[in-house]
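S.K.: Pasting a structure here, questions to come.
Just so it is clear, none of the values below were taken in a lab; they were calculated from the coordinates. Fair warning: this is a prediction, and the values are worked out from it, not measured in the lab. Cβ atoms come from the backbone with ideal geometry, glycine included; neighbour counts cover every protein chain shown.
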């Protein structure tokens, strides 16, 4: 993806890491430029040597001969689309994204890599992993933002879906795991955003070196302010086209918010971000300002940040932004997953609707607790989640993988000479 404009979590991570890494290294950015995004290329060219556009089409040739061709004919004859997609396509579930290695995309990558010497190839996002097949004799790092198999398991445990979803759940999970095992093993190193993600990656590919580079925050841009707050207002930040964000707000507004409004009639829930669920429009106390260029004034005025996530993986940029702004936060265990935080000291954790509502009501009534959580959260991000520090760690990891790759190549050449 193009990491500009910075209007979603993935772009946030990419932009903040690579604008800093680009101060020391020359980058070539290779990705599809989707329809309507052509005018955003300049924002990436500002810190890259150039932007190379991958073909947009996902179409791949299907097998025509051998056992694969025979299976295709048999499955096509059954006229069962879900089975055909399972056999020859990619698992389709909320929160999963794939960039298939089409012949046209592979040719583009091969051409780019032939035009000048590169020290390292970094594949951002796990759904791009198979593009490594186009890389020859250059060390590669897979930078994961989530672990696809973990997301899928969580999705199906929370949303079993219809009868076809339930029927194919086990098969599709195994297909995702095979994708991870087959493609991740081709990399010389990987990046995970949390210890749990690293554990799963190394379980899939034993021996794969994995460095943890968590999500971060610009601690200079996001700072606490003395803006007066509305103790009865809550805010959530996210792009609701991403299913876990939509699920979080539908869950909150249906099961938690009514419990809060029963006690505090003027409680307000503000959904910051693009494409909020249409069914929430017009609900009493729910405000939908949509996407805003600068979230700081609205977040600073809110009494707290709520993060009632049930799906997803990785770590939550929205929590880090909130902590940097000195806000008290109530989150689910999934929402705070992967962050080095102390429940009850840096934020509040609640996983059931009544417990979540009780935590929110407690913060509404206790200004001292809100302030203490906000101060502690700010200390956490200053200590562990500054993008400047994380970008240096990422660059150091990339340099180490590149150096190891060069050393291995030199050793191989020496052996060949003998």
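S.K.: What is the gain in length, in nm to one decimal, between residue 340 and residue 202 on full extension, counting 0.36 nm per residue of separation less the C-alpha to C-alpha distance?
M.R.: Roughly 47.6 nm would be gained on extension.
S.K.: Quick one: helix 387-417 against the long Cα principal axis of the chain, what's the angle to the nearest 10°, folded into 0 to 90?
M.R.: On a 0 to 90 degree scale, this one is about 10.
S.K.: Ok, one more. What is the calculated FRET efficiency for residue 35 to residue 97, with r their C-beta to C-beta distance and R₀ = 25 Å, to the nearest 0.05?
M.R.: Working from the Cβ atoms, E equals 0.90.
S.K.: Can you give the calculated 222 nm mean residue ellipticity of the chain, where each DSSP H run of n ≥ 4 adds -39,500 (n - 2.57) and the sum is split over every residue, rounded to the nearest 500 deg cm²/dmol?
M.R.: -14000 deg cm²/dmol
S.K.: Going by Cα centres, segment 223-266 and segment 78-100 are how many Å apart?
M.R.: 34 Å
S.K.: To continue, here is another question. Pick out which of 333, 238, 69 has the largest mean-square fluctuation in a Gaussian network model of the chain, springs linking Cα atoms closer than 10 Å.
M.R.: Taking springs between Cα atoms under 10 Å, the residue moving most is 69.
S.K.: To make sure I understand, if each residue's beta carbon is the centre and we count other beta carbons within 10 Å, what order do 311, 325, 167 fall in, fewest to most?
M.R.: 167, 311, 325
S.K.: Running a GNM on the chain with Cα contacts under 10 Å, which residue among 290, 161, 68 ends up with the highest mean-square fluctuation?
M.R.: Of 290, 161, 68, the most mobile in the Gaussian network model is 68.
S.K.: What length, rounded to one decimal in nm, is gained on full extension from residue 171 through to residue 195, with 0.36 nm per residue of separation minus their alpha-carbon distance?
M.R.: In short, 6.0 nm is gained.
S.K.: Another one. Please give the helix 103-115 orientation as an angle from the longest Cα principal axis of the chain, in degrees from 0 to 90, rounded to the nearest 10.
M.R.: Rounded to the nearest ten degrees, it is 80.
S.K.: Something else now. Under a 10 Å cutoff between Cα atoms, tell me which one of 85, 147, 41 has the largest fluctuation in the Gaussian network model of the chain.
M.R.: 85
S.K.: Provide the gained length on full extension for the span residue 354 to residue 368, in nm with one decimal, where the gain is 0.36 nm per separating residue minus the Cα-Cα distance.
M.R.: Taking residue 354 through residue 368 to full extension adds about 2.8 nm, to one decimal.
S.K.: Going by alpha carbons, how many degrees (0 to 90, nearest 10) lie between the helix axis of 353-365 and the longest principal axis of the chain?
M.R.: 50 degrees
S.K.: Label-point separation (nm) for residue 292 and residue 56, each offset 7 Å from Cα along Cα-to-Cβ?
M.R.: Output for this residue pair reads 3.2 nm.
S.K.: Measure off 7 Å from each Cα along the Cα-to-Cβ vector at residue 49 and residue 403, then give the distance between these two points in nanometres to one decimal.
M.R.: 2.1 nm
S.K.: What distance in nm separates the simple spin-label points at residue 389 and residue 6, each placed 7 Å from Cα in the Cβ direction?
M.R.: The answer from the label model is 1.8 nm.
S.K.: Quick one: if the Förster radius is 45 Å, what FRET efficiency do residue 220 and residue 83 give, using the C-beta to C-beta distance and rounding to 0.05?
M.R.: 0.25
S.K.: Here is a further query. For a footprinting-style exposure proxy, rank 332, 144, 28 by other Cβ within 10 Å, fewest first.
M.R.: 28, 332, 144
S.K.: Sort 25, 79, 145 by Cβ crowding within 10 Å, fewest neighbours at the top.
M.R.: 79, 25, 145
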